[in-house]
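J.: Mind having a look at this structure? Questions to follow.
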Amino acid sequence: MTMNHRHFLLVSLPFQSHINPAFRLATKLIRAGAQVTLATTVDGLKTRPAVPGLSYHFFFDDGAAGKPGYIQKIKLVGPTNLKKLLVTVANEGHKVDFLIYGICLPWVAEVAREHHVPSALFYIQSAASFSVAYHLYKTDGGLVNTDIDYTGTLKVPGLPLLKYSEVPPFLLPTDPLALVFQEHIEIVEKDPNSFVLLNSFNYLEEESIEAVSDRINIFSVGPLVSGETEEPYVSDTFQDSDRGTYLRWLDSKPEKSVVYVSFGSLVKLQKNQREEIFQGLIELGYLFLWVIRDQGEDDEDLRCSTAGDGGLIVRWCSQVDVLNHVAIGCFVSHCGWNSTLESLVGGVPMVGCPQNADQKMNAKMVEEVWGNGVKAVADCGGVVGREEIKRCLELVMGSEEIKRNCEKLKSMAMEAVAEGGSSHRNLNQFL
Ligand code: UDX
């Protein structure tokens, strides 16, 4: 095999927000001449787009996906099953040269060591999130060894001062998952055969990337989302069954007139939060396309009220296609990292309504650092009221400055992944 025909085994958790970027990374590696096997757990994928050079493999995870303790459970059965998989693909004549693993799967690095192949952590969140993890858990001077006052702030090089409530909670030592991130950092810090791939780009997060690159072999190769419409995409459990309907509906709307509302693949909004967003949109008279995955009887009122032409509610959509549609003027989002990047690549301004995980930090970056949107302020019960929604929507839909920032970020993203751009160079250097 020539260098470019190396065989990468990419191991991902079976969740939408992990599988989407893993699939996109796989296609990038293939375009650069590599051969890739994407491995996830059985039942992990509903759709598996055929891509020349890409094969899919599945391993057993004890059937506990999404249930409490899943990350610990998969660690018990994963290594044995992954080793079997390595033997299977080697017997098929495709010996694995390199293992890439998503977050929460640090045990894959151990399997790589046993098999004498190098490995890379594919960090599916921002460079900022990685940098916080690194500065908390690095062996030399990790902030976790200092007295943490959770009512205070955290200073991480290259980032605005973070309140502890803005730090991704799973990175803090008070959360059981933090041990997994600590392990990730230990592995990539100590092992010279260990690398980190980031779904970000130098222009966007230069300071965070620089703040870790002294001691970590890190390559920012994003944004991995191409921005092409009709991009093939994988799906874990969701079906894009309303596609014809929402695309036709969008086609009939004026340019930049529709507010797209979606909270990713995991967040479940409280009924009163849905109601406040809905009322805000109705009172402003904005058109909207809204993804509500878990529609129940509670949403009957909402559906009835959107029976006119003003709004459309779907259970799922091809988000990249929607964000690249000319009719979309704004994205009301929880600011999951994939959604944040997809919005940025689509040049769509955001109203951030962060709920959990890394979302508060992402929304803060959107408002304070990148200027491509605003962060809605929740009341003391954690709900963003209709007046606040209206304030944010009017600001974002009307601001020329935010629009300019969106256009700039979009063009910088395109430049990063184009031939000779920073992410393109980084990917080639990694290969
Ligand atoms: C989770 C965390 O919640 C998030 O904070 C973290 O950054 C990544 O892991 P999730 O909440 O699912 O992710 O959000 P996000 O990262 O935005 O990923 C959702 C993915 O589902 C996106 O790629 C989006 O394009 C896709 N999606 C969502 C669709 O394709 N269609 C939809 O209707 C909704």
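J.: Calculated FRET efficiency, Asp214 and Lys268, Cβ-Cβ r, R0 35 Å, to nearest 0.05? Can you show the working numbers first?
T.: Numbers: r = 40 Å, r/R0 = 1.15.
Result of the calculation: an efficiency of 0.30.
J.: Still on this model: Is the shape of the stretch 388-431 rounded, prolate or oblate, going by the alpha carbon gyration tensor and its root eigenvalues a ≥ b ≥ c, with a/c under 1.5 for rounded and a/b larger than b/c for prolate?
T.: Details: a/c = 7.24, a/b = 3.21, b/c = 2.25.
Taking the square roots of the gyration eigenvalues as a ≥ b ≥ c, the stretch 388-431 is prolate.
J.: Name the most mobile residue of Asp140, Asp62, Asp240, meaning the one with the largest mean-square fluctuation, in a Gaussian network model of the chain with Cα contacts below 10 Å.
T.: Asp140
J.: Next question, about the same structure. Under 10 Å, Cα contacts only: if you run a Gaussian network model on the chain, which one of Thr88, Thr41, Thr27 comes out with the highest mean-square fluctuation?
T.: Thr88
J.: Next question. Within the stretch 17-159, what percent of beta bridges assigned by DSSP are antiparallel, to the nearest 5? Could you put the intermediate results ahead of the total?
T.: Working: 0 of 10 bridges.
Counting only bridges with both partners in the stretch 17-159, antiparallel ones make up about 0 percent.
J.: Right, something else. Treat each spin label as a single point 7 Å out from the Cα along the C-beta direction, and report the His57 to Cys380 distance in nm.
T.: 5.6
J.: Pull out the extension gain between Asn428 and Tyr164, defined as 0.36 nm times the separation in residues minus the alpha carbon to alpha carbon distance; nm, one decimal. Intermediate values should be presented prior to the final figure.
T.: Details: separation 264, 0.36 × 264 = 95.04 nm, distance 3.71 nm.
Additional length available on full extension: 91.3 nm.
J.: Stretch Arg113-Glu283 to full length: gain in nm at 0.36 nm per residue minus the Cα-Cα span? Mind dumping the intermediate values first?
T.: Values: separation 170, 0.36 × 170 = 61.20 nm, distance 5.86 nm.
Gain in length upon complete extension: 55.3 nm.
J.: Same structure again: Restricting the count to DSSP beta bridges whose residues both fall in the stretch 243-412, what percent are antiparallel, rounded to a multiple of 5?
T.: Details: 0 of 19 bridges.
Taking every DSSP beta bridge within the stretch 243-412, about 0 percent pair in antiparallel fashion.
J.: Let me ask something additional. Subtract the Cα-Cα distance of Thr88 and Lys75 from 0.36 nm times their separation in residues, and report this length gain in nm to one decimal. Kindly include the intermediate steps, with their values, before the conclusion.
T.: On the way: separation 13, 0.36 × 13 = 4.68 nm, distance 2.01 nm.
Extra length from Thr88 to Lys75 when fully extended: 2.7 nm.
J.: Tell me which chymotrypsin sites (Phe, Trp or Tyr not before Pro) from the stretch 306-338 have a DSSP coil assignment and no more than 12 other beta carbons within 10 Å of their own.
T.: Passing sites in the stretch 306-338 do not exist.
J.: Using a Cα-Cα cut-off of under 20 Å, which lysines could be cross-linked to Lys84, ignoring same-chain neighbours fewer than 8 residues away?
T.: Of all the lysines, those that pass the test against Lys84 - Cα under 20 Å, at least 8 places apart if same chain - are Lys73, Lys75, Lys95.
J.: Give, as a single signed number, the net charge of other residues whose beta carbon lies under 13 Å from the beta carbon of Leu143, with Lys and Arg counted +1 and Asp and Glu -1.
T.: Details: positive: Lys138, Lys155; negative: Asp140, Asp147, Asp149.
It works out to a net charge of -1.
J.: Rank Val96, Val132, Val11 by mean-square fluctuation in a GNM of the chain with C-alpha springs under 10 angstrom and give only the top-ranked residue.
T.: Val96
J.: Suppose only helical runs count, i.e. DSSP H with n ≥ 4. What mean residue ellipticity at 222 nm does that imply for the chain under -39500 (n - 2.57) per run, divided by all residues and rounded to the nearest 500 deg cm²/dmol? Can you show the working numbers first?
T.: Numbers: 15 runs with 171 residues, N = 431.
Computed mean residue ellipticity for the chain: -12000 deg cm²/dmol.
J.: A further question on this structure: Obtain the nm distance between the two label points defined at Arg243 and Glu368 by a simple spin-label model: each point lies 7 Å from its Cα along the Cα-to-C-beta direction.
T.: 4.1
J.: Now for a separate question. For the chain, give me the percentage of DSSP beta bridges that are antiparallel, rounded to the nearest 5 percent.
T.: Approximately 5 percent, going by the DSSP bridge assignments.
J.: Where in the stretch 125-167 are there trypsin sites (Lys or Arg not before Pro) that are in a DSSP coil and have at most 12 other Cβ atoms within 10 angstrom of their Cβ?
T.: Lys155
J.: Is the C-alpha gyration tensor of the chain telling us rounded, prolate or oblate? Criteria: a/c under 1.5 is rounded; beyond that, a/b larger than b/c is prolate, otherwise oblate. Mind dumping the intermediate values first?
T.: Numbers: a/c = 1.64, a/b = 1.39, b/c = 1.18.
It comes out prolate by the Cα gyration axes.
Laboratory data are not the source of any read-out in this text; all were calculated from the coordinates shown. Just so it is clear, the model here is predicted, and its values are computed rather than measured. Methodologically, a virtual Cβ is constructed for each residue, glycine included, from the backbone with ideal geometry; neighbour enumeration extends over all protein chains shown.
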